Amino acid sequence: MDLWASRFSEPMDKLVKEFTSSINIDNKLYKYDIAGSIAHAKMLSQCGIIKKKEAERITQAL
């Protein structure tokens with residue numbers, strides 16, 4: 001069941017569903033998204049916004 005299924009009285013058209021799906025793009029971009037998140041955590045640590053240990057934990061979690 002789609003997350004939005006309870007919001008509509010009719011099923012979503014197949015073409016609309018394919019157009020709004022991002023899984024194909026997500027599969028190509030996730031490595032870069034994670035790298036950006038790691039860089040962001042590192043920057044936040046270097047600026048003193050989060051502790052170094054917190055940045056390390058974020059990096060490990062990713």
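The values are calculated or read from the model by the stated rules, or taken from the named source; none is laboratory data. All values derive from a computational prediction rather than experimental measurement. Here Cβ is always computed from backbone atoms with ideal geometry, including for glycine, and neighbour counts include all displayed protein chains.
Things worth noting here:
- Any chance ALA5 is modelled with pLDDT of 95 or more and among the small types (Gly, Ala, Ser): no
- For region 35-62, the tally of residues that are of a type outside the set (Gly, Ala, Ser) and part of a loop (DSSP other than H, G, I, E, B) stands at 5.
- Pairs are defined by a Cβ separation below 9 Å, a sequence spacing of at least 6 or placement on different chains, a first member in region 7-35 that is closer than 28 Å to ARG57 by Cβ, and a second member that is acidic (Asp, Glu) and surrounded by fewer than 10 Cβ atoms within 10 Å (Cβ to Cβ); no pair meets this definition.
- Within region 6-34, the set of residues being surrounded by 11 or more Cβ atoms within 10 Å (Cβ to Cβ), among the aliphatic types (A, V, I, L, M) and assigned to a helix (DSSP H, G or I) comprises LEU29, ILE34.
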